[in-house]
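Report on the structure given below.
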Amino acid sequence: MTERCRLYLITPPKLEPRAFAETLRRALGAGDVASLQLRLKDVPEEDIVRATEILMPIAQKADVAFILNDRPDLAKKLGCDGVHVGQEDASYAEARAALGPDRIVGVTCHNSRHLAMEAAEAGADYIAFGAFFSTTTKEAKTHADVGLLKWWSDLMVVPCVAIGGITVENSPPLIEAGADFLAVSSGVWDHPGGPEAAVKAFNTLF
């Protein structure tokens with residue numbers, strides 16, 4: 001029996017860190033969350049630094065790994081728990097070289113078995129498949145199907161993250177198929193009952 005699925009939170013695409021801090025604190029207090037990825041695109045570096053300095057202590061105090069999107073250099077400099085790299089960002093090798101053996105490095109693999117196998121063999125701590133559903137957070141380049149999760153979980157020990165438009169309502173097939181983590185952004189922050197209710201509801205499903 002594999003370990004139960006866990007929640008991998010991704011920050012909203014735009015946020016004011018001070019205002020968001022309390023929302024984050026409440027969400028993390030509502031149930032088990034494995035990690036929080038700070039994902040701010042097309043913003044000045046100082047905005048990423050400021051957001052990390054405000055939000056990382058909240059995550060770490062709640063025993064939640066703080067992962068920075070795209071920027072191994074900043075993740076190292078700021079002392080983040082890890083980094084997540086896409087296929088167009090730094091390579092896995094560059095990220096691992098920057099962060100060393102003990103930090104988390106996760107890799108986006110879209111819907112590609114080949115990319116996932118390569119990343120796992122190289123030493124990635126997790127691989128991410130998606131998008132499983134249409135998403136408002138970003139333009140999905142690829143669409144993945146549930147069979148991919150089942151194939152991976154049957155064959156591989158490296159954890160897999162399902163990403164893309166995931167909500168409480170549409171997540172059961174992904175959990176059933178063997179996803180180790182569900183990466184969720186608007187499905188938590190824009191949940192009609194609020195982020196805390198979403199975190200509780202996901203944990204009930206798990």
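Results, tabulated for the structure shown:
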| read-out | value |
| --- | --- |
| Sequence ranges 32-38, 147-153, ranked by mean other-Cβ count within 10 angstrom, highest first | 32-38, 147-153 |
| Fewest-first sequence of Arg103, Arg4 by Cβ atoms within 10 Å of each Cβ | Arg4, Arg103 |
| Mean ellipticity per residue at 222 nm, deg cm²/dmol - from DSSP H runs of n ≥ 4 across the chain, formula -39500 (n - 2.57) | -12000 deg cm²/dmol |
| Potential extension, Arg18-Arg50 segment - 0.36 nm per residue separation minus Cα distance | 10.6 nm |
| Likely footprinting exposure, Thr142, Thr108, Thr204, Thr167, fewest C-beta neighbours within 10 Å first | Thr204, Thr142, Thr167, Thr108 |
| Percentage relative contact order, the chain, counting C-alpha pairs under 8 Å, at least six apart | 22 percent |
| Straight-distance crosslink candidates among lysines, where the alpha carbon sits under 19 Å from Lys141 and sequence neighbours closer than 8 are dropped | Lys41 |
| Alpha-carbon centroids, the stretch 114-138 and the stretch 1-69: separation in whole Å | 19 Å |
| Local electrostatic count, Leu24, Cβ distance below 13 Å [Lys/Arg +1, Asp/Glu -1] | +1 |
| Which of Val43, Val158, Val83 has the fewest Cβ neighbours within 10 Å, and the rest in rising order | Val43, Val158, Val83 |
| Backbone N within the stretch 18-34 under 13 Å of label point (7 Å from Arg4 Cα along the Cβ vector) | 31-34 |
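None of the figures in this text is laboratory data; all of them are computed from the coordinates on show. Please read all numbers here as calculations on a predicted model, not as lab measurements. Positions of Cβ are backbone-derived with ideal geometry, glycine not excepted, and every protein chain shown enters the neighbour counts.
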